[in-house]
Structures are given as structure tokens and as C-alpha cells.
Amino acid sequence: QVQLVESGGGLVQAGGSLRLSCAASGSIFSINAMGWYRQAPGKQRELVARIISGGNTNYADSVKGRFSISRANAKNTVYLQMNSLKPEDTAVYYCNAGVVTTTLNPLDAWGQGTLVTVSS
């Protein structure tokens, strides 16, 4: 019905940059908000960044000033530009979207996750 596919994860040195992408597809009528979450081993999943249809954004305190979320509404795509990466940013990053389907069914969609590893 609705699929989210992340890409852009990989291995990067501390201080480097990485750009994650997430493309939503399927029977989508509208998307209210899209965001990125991450989960490191032994820790619970946490919100990294979120953007709503009007363009308002919010970030975890740990990434403010370093990460930037953006959205291409026509493509149902969200990006996460990650700069000045730190080893503590290492985690599996998950894309999330609040979707209304073409049958007007609301649902909370998740991607499969992409691994980001930051070396010191």
C-alpha cells in the first residue's frame, strides 16, 4: 500500500558529512509529516528530525546546528543532511511518514532503516 525506502547510509569519518534520502511511494493521497528516527545498540529509538507539510521543523537537541531536514513534497521525499558527524551519531536511521492513503485511510509508515557508522 505505502512504502518508504531509505538510502545514503554508510561509513564516514568524524567531522564528515552524509545525506540520507527517503522516498515514499504507493497509494498516497497526502503526507502530513515526515521525519527521521535513529536507534543505536542498547538504546531506544529516538526522534532526530521532523518536518510538516507547512515547512516547520524540529530537531533533537543533540543534532541542532549540525543536521538539516528538508522535503520535496511533489516527490514525497525527505532528506537529512548530516554535517560535523560524531561517533555518537552511529545508529540505524529510520524514515517515518504520517500518510493518508488514496482510500482516505490514515497510517504511520516506516522504512526498513539505513545504517550510519561514524568512525573516530
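The values are calculated or read from the model by the stated rules, or taken from the named source; none is laboratory data. Since we're looking at a predicted model, the values are computed, not measured. Cβ: placed from backbone, ideal geometry, glycine included. Neighbour counts: every protein chain shown. Heavy atoms of the whole protein, side chains included, go into the accessibility calculation; ligands, DNA and RNA do not. Shrake-Rupley method; radii C 1.70, N 1.55, O 1.52, S 1.80 Å.
A few comments on the model shown:
- Per-region count, the range 82-120, residues among the small types (Gly, Ala, Ser) and in a strand (DSSP E or B): 5
- Summed over the range 1-60, the residues that are farther than 14 Å from residue 110 by Cα, of a type in the set (Phe, Trp, Tyr) and surrounded by 14 or more Cβ atoms within 10 Å (Cβ to Cβ) give a count of 1.
- Tabulated pairs, the range 82-101, first free of Cβ contacts under 8 Å to residues at least 12 places away in the same chain, second among the basic types (Lys, Arg) and open to solvent by 20 Å² or more (accessible area, probe 1.4 Å), C-beta under 9 angstrom, 6+ apart or interchain: none
- Of the set (1) under 12 Å from the mean Cα position of the chain (by Cα); (2) open to solvent by 30 Å² or more (accessible area, probe 1.4 Å); (3) at pLDDT 95 or above, all apply to residue 83 but (1).
- Sole exception among (1) farther than 20 Å from residue 11 by Cβ; (2) in a strand (DSSP E or B); (3) not hydrophobic (A, V, I, L, M, F, W, C) for residue 79, by number: (1)
- Only a single item in (1) open to solvent by less than 60 Å² (accessible area, probe 1.4 Å); (2) within 20 Å of residue 119 (Cβ to Cβ); (3) of a type in the set (D, E, K, R) is not met by residue 88, and it is number (1).
- The range 18-35 residues that are on the phi > 0 side of the Ramachandran plot, paired with ones that are in a strand (DSSP E or B) (beta carbon under 6 Å, 6 or more apart): 26/2; 26/3
- Test: residue in the range 106-117 that is open to solvent by less than 60 Å² (accessible area, probe 1.4 Å) and over 17 Å from residue 46 (Cα atoms): yes
- Residue 68 falls short on exactly one of the conditions (1) touching a Gly at 6+ places or on another chain (Cβ under 8 Å); (2) open to solvent by 10 Å² or more (accessible area, probe 1.4 Å); (3) in a strand (DSSP E or B), and that condition is (1).
- Flag for residue 30 being assigned to a strand (DSSP E or B) and farther than 19 Å from residue 98 by Cα: no
- Residue in the range 97-105 that is at pLDDT 95 or above, of a type outside the set (A, V, I, L, M), open to solvent by less than 50 Å² (accessible area, probe 1.4 Å) and under 26 Å from residue 12 (Cβ atoms) present: no
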